[in-house]
Structure formats: C-alpha cells, structure tokens
Amino acid sequence: MSEQVTERSDMWSNSFIFVLAAAGSAVGLGNIWKFPYIAGENGGGAFVLVYLICIAIIGIPVMVSEIMLGKLGRASPIQALLNLSRKHNRSTKWSIVGYMGVLTGFLILSFYAVVAGWVCYYILRLFTGEFSGADAGSVGEAFNTFLSDPWQVLLWFSIFMVITIFFVARGVTRGLELCVRYSMPAVFVLLLILIGYGIHAGGFVESAVFLFNPDFSALTREGVLIALGHAFFTLSLGMGAIMAYGAYVPQDVSVGTTTFTIAILDTVLALLAGLAIFAIVFANSLAPDAGPGLLFVTVPVAFGNLPGGTFFGGLFFLLVALAALTSAISISEPAIAYFSERNKISRAKIAVVIGVVCWVLGVGSVLSFNVWADVKLAFFDWTFFDSLDKITQLVLLPLGGLLIALIVGHVLPKQVVFEELGLVSPQIQRAWWIIVGFITPLAVFCVFIIEALGEITAHM
Ligand code: TRP
C-alpha cells in the first residue's frame, strides 16, 4: 500500500495541476457538443434551469464527495472504497460503486470517442476551407453524407481512440497541463467570436431568450432526468473518474474551492457554447432540436461566413478535440488504476486492452448512424449509440452519484468527513451533512421514482 501512495502522490506535482486536470476532465464534448443539443431537444430555458439546479444541489456535493473519497482512500475507486470500508469497519459491498464505475467508463468511452472522431474529421474539413461561404443546407447534407459512410466514421473514431490510448499509456500528467492551460481559454475566445457572429447575423437575442427564458410547458418528465444525468456527465461524476484523480491530490488542496472553480468553469463554458450555437441556429433558421449533429451543422456555417473562418474554424474543432482528449483520458482512469493495482502488468498493456474493448464496443456506435440505423432497442426506440448514451447518463451515473453521496453522508464516520473537509463550525458541519446525506440523494431518488412511475403509467 505505502508503495502505491508514494507512487501516486507525486503525480500531481501541485494543487494547480490537479485543478487543471479535473477541469480538463470536466470540460469536453459534454459542454460543447452535448449540452447545446439536449437543451435544444428539451425546449431550452426550463431545461437549462433544471440543469443549473442539478449542478448546484447535486453536482457540487457529489464532486466534493468524490474528491474526498479519492483523497482518503488513495487508490483506484474500487480499492479506495475497499480501504475505507475496512478501515472504518463498514461493509465492503460499497465498493460496488467502484466496479460500476469501471463498467460505466468502458461504455462511455466507447461512444464518446466516436463523437470525438467526428470532431477530428471536422478539423480537417474546416482547415481545407470546404465550408467557406457554405449555407446551412449544404453543411447539413455534408454531415449526413459523412455519417452514412461507416468506414469513414470508423477511421476517425479509430484515430481518436489510438491517440487517447497513447496518452493513457504514458500516464496522466504529461501534456495535459499544456492542453488545458492554453486550449481552454482559447475555446472561450472562439466561442465569443461565434457569439459575435450571432450578434452580427441577428440570432443572439433569440438565442438568449431560448436558453434563459424558461417555458415550463416545453419541459417533459424525461427532460428532467436528462438534465440530472447531464449534470453528472458534464462534471465527470458518478463513475469514479474524479475520485481516481482525487487519489493523486496533494494533502493541502482545498476540496471545496477546487470543486467550485471547476463547476463554475464548466457551466460557463456550456452556457457560452449554447448561446453561440443557438445564435447560429436562429440566424440561419435552423431547427434547435436537430439532435447530436447540431454542433456539426451550425459551427461550420458560422465560420464559413466569417473572415478568417477557415483558420479559426479549423482551430475551433482542434481545440474541441483536445478538450475531448483530456476528458477521454479521465474516463479510462478508474479502470487503468484498478487493473494496474491488481496486476503487475504495465500501464501501457492495460491501456491497450482497454482501448481494444472500447473500440469493439464503439463499432456498434459507429454503425448506429448508418448500417444499424434501424436496429433499435425494443420499447425505447434507441439505436445502439442512443442506448449506451442513455443507459449511462440516465441510470448508471445518477445511481453512482446517489451511492457516493450515501457513502459520504451515512457510511463513513461523520468526524472523518468533517476533518477531511476542514469543517469546524457545528452549523456548517450540520448544513453539509444535511445536503450530502439527504438533499442530494433524495433529489436523485425522486427524479428516478417520478420517471419510473411515469414510464409505468405511460405503458399501462
Ligand atoms: N465531463 C466530460 C465532458 O463533459 C466527459 C467525461 C469525462 C465524463 N469523464 C467522465 C463523463 C466521467 C462521465 C463520467 O465531456
């Protein structure tokens, strides 16, 4: 054990690198690709409001809990939970959360890398000036043509997977700092440029109204569950990714401050991406509910009509690909950490095995947009891609988060938690305990129950 601790604690050489790594994990396709399209599909404002509430009362407490569990357990999520339950004489069954996380990681990475592959292809397409002066119709058509070719999609998915595994195999920190430190502010600036396009083209006001003026009649029951699941997805919570990173955190890091920084950064980026994309949607009379292709049919139109758009458009997709890479690396971390702890096999070999498993699963997602487009999961009408996306986001991540909150709220001795978080005032201790022990788990539980009851009555 002690050997692992030293090996691990020197991974983030200081707390700033930890914040960068966690932010790199959080900011990714969830912010720039997923948030805008699910907000569009679920009617905008009311959905966004529910998402923000979920970040505040569920996401933040769960992130604090995950980092803390990693820091206390100093091992992979599975082993950390085993260590903690043994140390405090609790049931080791709670480590199931860790196993669930490893499984969830495989599922998420497999489809995440497929979408990241689309992004990689778009770097090339924009840099070659393919979309300069293009109108919305032809950009949309080009995207559909791309998706309908399984070989093409497979190629780009494979390229992204190989790059990810390369970095995973080399260990976490190298290159990550560079990526996050420069590419995140750059994404920020490019999103502002896109918003500028929206203001110029006349879609900005409509975009702001769409995202921030809640129309509750547009919100469905499923929309609430999607918002909840997305709060987990976008902050990388519910499967131990942040917990695994937390295992390498220097002792002096303030978990609370770190969490707030990451949550605010992540949310601001998602909202900016939403504002920019819907400005383009409305300026070009596109449909806000275009689905997973939304990013790929809006952003090229805007850059295609901006001066210097060939360069900045290519740069935009390059930065999104880097953001996806720093996220993808973190998705594999619970599995990598677990398998390298147990076996004396090198990190590189484990990374390759994980890569192969995810690649095989990913082929299903590649085919979901062409050859298998009509193969649907009975009852739900989901393609293979939809099924992985929904099962992880709507079930596995919230369930993982719920269990994590219960562990911190009810399984670990309170004193241990208070001490680790540096909570001294009894009022603050109490407030924290009520939030993590009751409000957070109950909120997740209620959304689950309401959704389940709704589904059952709808099918009766
Ligand atoms: N949060 C990342 C994004 O928004 C994706 C991600 C990274 C993730 N690690 C995760 C999602 C762990 C769920 C769980 O793109």
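Quick notes on this structure:
- Debye intensity ratio in log₁₀ form over the Cα atoms of the stretch 2-117, taken at each q of 0.12, 0.15, 0.17 Å⁻¹: -0.62, -0.92, -1.11
- Added length on full extension, which subtracts the Cα-Cα distance from 0.36 nm per residue, V411 to F380: 7.6 nm
- Figure legend: label point modelled 7 angstrom from the Cα of K87 along Cα→Cβ; residues of the stretch 415-441 with amide N under 11 Å from it are 416-417, 420.
- Amide H within-cut-off set for L377, under 5 Å, with H built and near neighbours excluded: W382, T383
- Cα-derived Rg over Rh, computed across the stretch 296-340 with Rh taken as Kirkwood radius: 1.29
- Computed over the stretch 69-197, the convex hull of the alpha-carbon atoms projects to a mean area of 11.4 nm².
- The Stokes-Einstein estimate for the stretch 285-394, based on a Kirkwood radius over Cα pairs and taken at 4 °C with 1.567 mPa s viscosity, is a diffusion coefficient of 75 µm²/s.
- Among 51-62, 206-217, the peptide with the highest mean count of other Cβ atoms within 10 Å heads the list, and the full ranking is 51-62, 206-217.
- CD proxy at 222 nm, helix term only [per DSSP H run n ≥ 4: -39500 (n - 2.57); per residue of the chain; nearest 500]: -23500 deg cm²/dmol
- Panel values: the chain, Kirkwood radius from alpha carbon pairs, Stokes-Einstein at 25 °C and 0.890 mPa s, translational diffusion coefficient 110 µm²/s.
- Helix 440-458 and the longest principal axis of the Cα set of the chain meet at an angle near 50°.
- Peptide packing for 35-43, 21-29 was compared via the average number of neighbouring C-beta atoms within 10 Å per residue; ordered from the highest value, the list is 21-29, 35-43.
- Check: the stretch 98-230 dipole with +1 on Lys, Arg Cβ and -1 on Asp, Glu Cβ, in debye: 580
- Given in Å, the Rg to one decimal and the Dmax to the nearest whole number for the Cα atoms of the stretch 234-353 are 19.0, 57.
- Look at the alpha carbon pairs under 8 Å that are at least 6 residues apart: their mean separation over the length of the chain gives a relative contact order of 35 percent.
- Entries of K71/K390; K87/K414; K390/K414; K93/K349 with Cα pairs more than 23 Å apart: K71/K390; K390/K414; K93/K349
- Contour excess over end-to-end distance, with Cα ends at V357 and I456 and 0.36 nm allotted per residue: 32.2 nm
- Separation of alpha-carbon centers, the stretch 309-387 and the stretch 146-202, rounded to whole Å: 14
- Each of the peptides 146-154, 190-198 was scored by the mean count of other Cβ atoms within 10 Å over its residues; in descending order, highest first, they stand as 190-198, 146-154.
- Scaled radius of gyration (Cα, divided by 2.2 N^0.38 Å) that the stretch 172-237 gives: 1.57
- Nearest 10 degrees, 0 to 90: helix 15-26 Cα axis against the chain principal axis: 50
- Ordering T92, T383 by the number of other Cβ atoms within 10 Å of each residue's own Cβ, fewest first, gives T92, T383.
- Only Lys, Arg, Asp and Glu carry charge here, each on its Cβ (+1 for the first two, -1 for the last two); on that basis the chain has a dipole of about 1480 debye about its Cα centre.
- For the pair L442 and V424 in one chain, pulling the backbone fully straight at 0.36 nm per residue adds 3.9 nm over the alpha carbon distance.
- Structural descriptor for the stretch 20-115: relative contact order 14 percent, calculated from alpha carbon pairs under 8 angstrom and at least 6 residues apart.
- Computed log₁₀ I(q)/I(0) - Debye formula, equal Cα scatterers, no solvent, the stretch 312-460, q 0.10, 0.17 Å⁻¹: -0.64, -1.17
- For the chain, the longest principal axis of the alpha carbon atoms and the long axis of helix 309-342 meet at an angle near 30°.
Computed from the coordinates by the stated procedures, all read-outs in this text should not be read as laboratory data. Keep in mind the model is a prediction, meaning the values are calculated, not measured. Using ideal geometry, Cβ is built from the backbone for each residue, glycine included, and neighbour counts are taken over all protein chains shown.
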